[in-house]
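Novice: Would you mind keeping the following structure in view while I ask a few things?
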Amino acid sequence: QLQLVESGGGLVQPGGSLRLSCAASGFNLAAYIVGWFRQAPGKEREGILCTESNGSTNYTDAVKGRFTVSRDLAKNTVYLQMNNLQPEDTGIYYCAAEGTLKCPRDFEIYEIIGLVYDAWGQGTQVTVSS
């Protein structure tokens, strides 16, 4: 069964950093696109990036330059390095995987592309507060 597990969330002050992990089991992440989503308190879920197996990645303007995604194929894990975190980054972060080779054009809009993903993690809480 396809499964993803997120970890690495926590409480940080503005300007701090966190690294989130998305560990896969039951399938090989090397053959999947991976998306990251977040849901702020009282807000709808939004996509923040989508990365392909060749490393090509699309980031939203809100996170570009601060967040970086990478893959460790040996560990079957995707990492999200988040730097210079701000209070507006607070929310639950989810990873998702899907077996096509290309990221969807509308990767930011969960309501449109959320159903295309084959596996979802349970989420990890990120809180940025002074």
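Novice: Just to be sure I understand the filter: pairs with C-beta atoms under 6 Å, separated by 6 or more residues or on different chains, first member in segment 60-86 and touching a residue at least 60 places away in the same chain (Cβ under 8 Å), second member in a loop (DSSP other than H, G, I, E, B) and surrounded by fewer than 18 Cβ atoms within 10 Å (Cβ to Cβ). Which pairs pass?
Specialist: Going by the 6 Å Cβ cut-off, the qualifying pairs are Asn83/Ser17; Asn83/Arg66; Asn84/Gly15; Asn84/Arg66; Leu85/Gly16; Gln86/Pro14.
Novice: Tell me, which residue of segment 14-47 that is over 23 Å from Thr60 (Cβ atoms) and in a loop (DSSP other than H, G, I, E, B) is least open to solvent (accessible area, probe 1.4 Å)?
Specialist: Phe27
Novice: May I pose another question? Based on what the data block shows, is Ser56 closer than 25 Å to Ser129 by Cβ, open to solvent by 20 Å² or more (accessible area, probe 1.4 Å) and either small (Gly, Ala, Ser) or touching a Ser or Thr at 6+ places or on another chain (Cβ under 6 Å) (or both)?
Specialist: Details: closer than 25 Å to Ser129 by Cβ: no; open to solvent by 20 Å² or more (accessible area, probe 1.4 Å): yes; either small (Gly, Ala, Ser) or touching a Ser or Thr at 6+ places or on another chain (Cβ under 6 Å) (or both): yes.
No, not satisfied.
Novice: All but one of (1) open to solvent by 20 Å² or more (accessible area, probe 1.4 Å); (2) in contact (Cβ under 8 Å) with a residue 60 or more places away in the chain hold for Ile112, so report the exception by its number.
Specialist: Just one mismatch for Ile112, condition (2).
Novice: Of the residues Leu80, Leu101, which is at pLDDT below 90 and either open to solvent by 60 Å² or more (accessible area, probe 1.4 Å) or part of a strand (DSSP E or B) (or both)?
Specialist: Details: Leu80 fails: at pLDDT below 90.
Going through Leu80, Leu101 in turn, just one is at pLDDT below 90 and either open to solvent by 60 Å² or more (accessible area, probe 1.4 Å) or part of a strand (DSSP E or B) (or both): Leu101.
Novice: Do we have any residue at all in segment 90-98 that's on the phi > 0 side of the Ramachandran plot, in contact with a strand residue (DSSP E or B) (Cβ under 8 Å, 6 or more places away or on another chain) and either assigned to a strand (DSSP E or B) or open to solvent by less than 20 Å² (accessible area, probe 1.4 Å) (or both)?
Specialist: Scanning segment 90-98 turns up at least one residue that is on the phi > 0 side of the Ramachandran plot, in contact with a strand residue (DSSP E or B) (Cβ under 8 Å, 6 or more places away or on another chain) and either assigned to a strand (DSSP E or B) or open to solvent by less than 20 Å² (accessible area, probe 1.4 Å) (or both).
Novice: Moving on. Counting only residues that are surrounded by fewer than 17 Cβ atoms within 10 Å (Cβ to Cβ) and under 15 Å from the mean Cα position of the chain (by Cα), which one in segment 117-130 is nearest to Ser53 (Cα to Cα)?
Specialist: Among residues in segment 117-130 that are surrounded by fewer than 17 Cβ atoms within 10 Å (Cβ to Cβ) and under 15 Å from the mean Cα position of the chain (by Cα), the one nearest to Ser53 (Cα to Cα) is Asp118.
The values are calculated or read from the model by the stated rules, or taken from the named source; none is laboratory data. Because the structure is predicted, anything quoted here is derived from the model rather than measured. Note that each Cβ is placed from the backbone with ideal geometry, even for glycine, and that neighbours are counted across all protein chains shown. Accessible surface is based on the protein model in full, side chains and every heavy atom, while ligands, DNA and RNA are left aside. Shrake-Rupley method; radii C 1.70, N 1.55, O 1.52, S 1.80 Å.
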